[in-house]
Amino acid sequence: MANIPRGERYSSVAIAFHWAIAALVIANLIIGIGHDAIPLLRALMGAHTSIGITVLALTAGRVAWRLAHRPPALPATTAGWEKGVAHATHWTLYALMIVMPLTGWMLVSAPASQRPFLWFGLFTVPELPVSKELADLGHNAHGVLGWVMAGLVVLHIAAALRHHLILRDRVLVRMAPALRR
Ligand code: HEM
Ligand code: HEM
């Protein structure tokens, strides 16, 4: 697993960003989607806002790293349409990693809401200067795009498992943290 040459796997920084953000986004999708029905998840809504702001900050670092470091090419056997779907999914996920936190931040900045909020109880996150109309737009977008993101994440995980279990190539392994180098 660790024997993949450097140029054929993601860098350790890209891998660390990927899995840290994946864990935080999956946690936020579960908390967000379940908070209306499940009291335990409702109790975690304070953490949901802080996790979301963390995703935004990590994504800024990740995108900067990604623009400066070319990822490994997909296997030569990958069909053109598969490359197209993979790239479209990845760039839509990047966009949602920015738009979901921003629309969440807009909705909690609504003039009538309880604000400002604390990042994990440590420091104040300033409110965004939004009107009620803009905050409502953010609220609606946050609800709809949350489901779009959940769908894309399921598709993305299914694609990763297809590569690993059916096509038996190295696409999943090259995004796995190397235990030995
Ligand atoms: C990775 C980032 C985020 C993801 C994936 C995410 C996801 C979600 C989802 C799926 C929902 C449920 C939507 C619905 O069906 O009503 C939700 C609700 C909510 N989110 Fe986020 N969220 C993120 C970031 C944020 C941030 C940064 C804030 C605030 C600073 C925030 C505040 C809220 C609030 C207040 C709700 C409840 C809205 C309501 O009850 O109508 N979210 N979130
Ligand atoms: C919310 C969760 C996740 C998000 C937002 C996400 C996002 C992304 C993005 C944007 C890329 C493209 C990296 C690039 O080349 O710039 C990527 C690559 C990848 N992800 Fe995820 N991911 C998530 C979860 C997962 C999970 C759970 C798995 C495994 C089961 C996984 C496996 C992979 C693999 C194997 C690649 C590399 C694909 C390739 O080499 O072309 N991801 N992910």
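The values are calculated or read from the model by the stated rules, or taken from the named source; none is laboratory data. The shown structure was predicted, so the numbers you read here are calculated from the model rather than taken from an experiment. Heads up, the Cβs are rebuilt from the backbone with ideal geometry, glycines too, and the neighbour counts pull from every protein chain shown. Surface accessibility is based on the protein's heavy atoms, side chains included, excluding ligands, DNA and RNA. Shrake-Rupley method; radii C 1.70, N 1.55, O 1.52, S 1.80 Å.
Sequentially through the range 77-84, phi angles give Karplus couplings (6.51, -1.76, 1.60; θ = phi - 60°) of 6, 5, 5, x, 5, 5, 4, x Hz, Gly and Pro residues having no value and appearing as x. The residue among Thr59, Leu74, Val125 whose Cα reaches farthest toward the positive pole of the charge dipole of the range 5-130, with charges on the beta-carbon of Lys, Arg, Asp and Glu, is Leu74. Overall, the accessible surface of the chain at a probe of 1.4 angstrom is composed of carbon and sulfur to the extent of 71 percent. Remark: the range 27-41, residue by residue, has Karplus-estimated 3J(HN,Hα) of 4, 5, 5, 5, 5, x, 5, x, 5, 6, 9, 10, x, 4, 6 Hz, where x stands for each Gly or Pro and the curve is 6.51 cos²θ - 1.76 cosθ + 1.60 at θ = phi - 60°. Considering only alpha-carbon pairs that sit under 8 angstrom and 6 or more positions apart, the relative contact order computed for the range 93-181 is 25 percent. Proximity of backbone amide H atoms, modeled 1.01 Å from N, is registered between Phe117 and Val125 at under 5 Å, excluding neighbours fewer than 5 places apart on the same chain.
Shape analysis of the chain yields a ratio of the Cα radius of gyration to the Kirkwood radius, Rg/Rh, of 1.02.
The relative contact order of the range 1-130, computed from alpha carbon pairs under 8 Å that lie at least 6 residues apart in sequence, is 24 percent.
Backbone phi angles across the range 96-107, fed through the Karplus curve with coefficients 6.51, -1.76 and 1.60 (θ = phi - 60°), yield HN-Hα couplings of 5, 5, 9, 6, 4, x, 5, 5, x, 5, 4, 5 Hz in residue order; Gly and Pro are listed as x. The angle between the Cα long axis of helix 132-161 and the longest principal axis of the Cα atoms of the chain comes to about 20 degrees, rounded to the nearest 10. Compared with the dominant Cα axis of the chain, that is its longest principal axis, helix 45-68 is turned about 40°. The residues of the range 44-162 present an accessible area of 59 Å² per residue when probed at 1.4 Å with all protein chains retained.
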